[in-house]
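Peer 1: Dropping a structure here in structure tokens format, bear with me for questions.
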Amino acid sequence: MEFGFTEEQQMLRESVRKFMKRECTREYIRDCSDNDKFPHELYDKMAAQGWMGIPFPEKYGGAGLGPMELAIFLEEAGYGWYGAGTSYFTSVVLGAYNIMTYGTEAQKDEFLPKVVAGKTKLAFALSEPNVGSDAAAVELFAEERGDHFLLNGQKMFTTNAHVADQIVTVTRTIRKPEKKHNGITIFLVDAKSPGIEIRPLKQMGRSATHTNEVFFRDVKVPRERMMGKLHEGWANLNSGLGIERLSVAMMYAGTSQAMIDYVSAYAKGRKQFGQAISKFQAVQHKLADMQIKTDVARLLGYRVAWMLEQNMPCFKEMSMAKLYASEAMFDIANNGVQVMGGYGVLKEYDMELFFRDSRIGMIGAGASEIQRTIIAKQMGL
């Protein structure tokens, strides 16, 4: 294994870093975050750069690149702004990558070019009011009606549903299966369909790319919008987990580095007892520990990217990467506030926003407790 990047990969990293620095200004980030505004302008500019197509084959207008390039992009997007990474992640990874993995050829031909061009945004609906970590217990029911299905029920915490054109929706198609993992079917649902109601949720952080309640009342979905085989959706869900957890782990690693750079700059300029607080060992040790955790998170993420490119099993490793990166990000945010003291909780300083945004990482994309359970099972425990 090599620990460097190819010349092309390094060029991608540098171009994304420069782009994010230019486009993700403090004023823009604050405007979107404080006003719950999806970053449409930023999203369109990312699409214009061709980055929506990173993981997709050229025949769909994509760049034909792999997990490593996706990891590089998301790390740099996360460094620029957590919201940049999340706006990309929900459409490209949670949405379009699932279409590519188990959608029909017609669905791929219709939607992947639109996502690559930035003309279609996607969301992914799994969680429900009574369904969180127990993902196989979905209750949203899709009743078979010949050439279509009728969907009734509710989804919860659906990120970016309020701006989505299509929603990858996990449903139940057998009411009382012998095993709850059976009888799950996934559909690609038009977000503007009659009977769909989307209600934004107010949340502590990550407010520019917030979650939503989605209500389905007799929503008619054509049979050709079924993704994969009827009743066999659980296997499809698992097939996309590697890319999903890799993606969030790399976003978290990028945001963690951004926090370290921000707090370090503050510590070098803030003076107490006649010198910069960066000269005090207590502060130095905090920053050193923060950097170690970020580097470990980064390495765990890139290991998963490498394993995916080698077609190696990495169910345990991807859970380790997501778990560690999310907990490291929150710990770094917490210590960043501590280093900055009272200034760390003022809205005039970015640390306050970093802190709020960082907490959700240990819940979304599989809670920390679920990741530990997965790792333990993979260890044979």
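The values are calculated or read from the model by the stated rules, or taken from the named source; none is laboratory data. The structure presented is a predicted model; accordingly, all values stated were derived computationally and were not measured. A quick note on method: Cβ atoms are made from the backbone with ideal geometry, for glycine too, and the neighbour counts reach across all protein chains shown. SASA here: full protein model, heavy atoms, side chains in, ligands and nucleic acids out. Shrake-Rupley method; radii C 1.70, N 1.55, O 1.52, S 1.80 Å.
Peer 1: So if I place +1 on the C-beta of Lys and Arg and -1 on the C-beta of Asp and Glu, and nothing else carries charge, what would the dipole magnitude of segment 331-381 be about its Cα centre? I want it in debye, nearest 20.
Peer 2: 260
Peer 1: When the Cα centres of segment 280-312 and segment 9-70 are compared, how far apart do they sit, in Å?
Peer 2: The distance from the Cα centre of segment 280-312 to that of segment 9-70 comes to 23 Å.
Peer 1: Also, I was wondering about something else. With all protein chains present, how much of the accessible area of segment 262-360 (probe radius 1.4 Å) comes from carbon and sulfur, to the nearest whole percent?
Peer 2: Carbon plus sulfur share of accessible area: 56 percent.
Peer 1: Could you work out [θ]222 nm for the chain from helices alone, using -39500 (n - 2.57) per DSSP H run of at least four and dividing by all its residues? Round to the nearest 500 deg cm²/dmol.
Peer 2: After summing the helix terms and dividing by residue count, I get -15500 deg cm²/dmol.
Peer 1: Taking the 0 to 90 degree range and rounding to the nearest ten, how far is the long axis of helix 67-80 tilted relative to the main principal axis of the chain, both from C-alpha atoms?
Peer 2: 50
Peer 1: Under the rule of at least 5 residues apart or a separate chain, name every residue whose amide H is placed under 5 Å from the amide H of residue 139.
Peer 2: When sequence neighbours closer than 5 places are left aside, there are no close amide H contacts.
Peer 1: Would segment 284-324 count as rounded, prolate or oblate if I go by the C-alpha gyration tensor, calling it rounded below 1.5 in a/c and otherwise prolate when a/b exceeds b/c, oblate otherwise?
Peer 2: Cα axes put segment 284-324 in the prolate bin.
Peer 1: Could you provide, to the nearest whole Å², the per residue accessible area of segment 95-189 with probe 1.4 Å?
Peer 2: Accessible area per residue: 40 Å².
Peer 1: A further question follows. Do you know the relative contact order of segment 180-289, to the nearest whole percent, from alpha carbon pairs under 8 angstrom that are 6+ apart?
Peer 2: Normalised by residue count, the contact order of segment 180-289 is 24 percent.
Peer 1: Sticking with this one: Tell me, what is the per residue accessible area of segment 227-299 in Å², probe radius 1.4 Å?
Peer 2: 45
Peer 1: Further, regarding this structure: Does anyone have the angle between helix 105-116 and the longest principal axis of the chain? Alpha-carbon axes, 0 to 90°, nearest 10?
Peer 2: Value to nearest ten degrees: 30.
Peer 1: A 26 angstrom limit on the alpha carbon distance is what I want to check against. Which of 21/316; 18/268; 180/316; 121/155; 180/377; 45/220 exceed it?
Peer 2: 21/316; 45/220
Peer 1: Let me check against my output: what whole-number percent is the relative contact order of segment 1-157, with C-alpha pairs under 8 Å and at least 6 apart?
Peer 2: Relative contact order, segment 1-157: 20 percent.
Peer 1: Whenever you get a sec, compute what percent of the accessible area on segment 73-127 sits on carbon and sulfur atoms (1.4 Å probe).
Peer 2: The computed percentage sits at 52.
Peer 1: If you average the sequence gap of Cα pairs under 8 Å that are 6 or more apart and divide by the length of the chain, what percent do you get for the contact order?
Peer 2: Once divided by the residue count of the chain, the mean separation gives 16 percent.
Peer 1: Can you tell me the dipole magnitude for the chain around its Cα centre, using point charges on the Cβ only (Lys, Arg +1; Asp, Glu -1), in Debye to the nearest 20?
Peer 2: Roughly 680 debye, rounded to the nearest 20.
Peer 1: At a Cα cut-off below 19 Å, give the lysines reachable from residue 179, other chains included and same-chain residues fewer than 8 away excluded.
Peer 2: 229
Peer 1: So how strong a dipole does segment 1-132 carry about its Cα centre when Lys and Arg Cβ are +1 and Asp and Glu Cβ are -1, to the nearest 20 debye?
Peer 2: My answer is approximately 260 debye.
Peer 1: Could you go through segment 214-225 in sequence order and give the Karplus-derived ³J(HN,Hα) for each residue, using 6.51 cos²θ - 1.76 cosθ + 1.60 with θ = phi - 60°, rounded to whole Hz, and x for Gly and Pro?
Peer 2: 10, 9, 10, 10, 6, 7, 8, 10, x, 4, 5, 8
Peer 1: For segment 325-378, what are Rg and Dmax over the alpha carbons, in angstrom?
Peer 2: 13.7, 45
Peer 1: Expected output is a single nm value to one decimal: the length gained when fully extending between residue 204 and residue 106, i.e. 0.36 nm times separation in residues minus the C-alpha distance. What is it?
Peer 2: 31.3 nm
Peer 1: Using the Cα centre of the chain as origin and beta-carbon charges of +1 (Lys, Arg) and -1 (Asp, Glu), tell me which of 305, 373, 266 is placed farthest towards the positive end of the dipole.
Peer 2: Of 305, 373, 266, it is 266.
Peer 1: Taking Cα atoms, how many degrees apart are the long axis of helix 281-309 and the longest axis of the chain, rounded to 10 and kept between 0 and 90?
Peer 2: Approximately 30 degrees, to the nearest 10.
Peer 1: Tabulate in residue order the Karplus-calculated ³J(HN,Hα) for segment 10-25, using 6.51 cos²θ - 1.76 cosθ + 1.60 with θ = phi - 60°, rounded to whole Hz; enter x for Gly and Pro.
Peer 2: The phi angles translate into 5, 5, 4, 4, 5, 5, 5, 4, 5, 4, 5, 5, 6, 8, 8, 6 Hz.
Peer 1: OK, next. With a cut-off of 20 Å, note down the residues of segment 177-215 whose backbone N falls inside the zone around a label point 7 Å from the Cα of residue 133 toward its beta carbon.
Peer 2: 180-181
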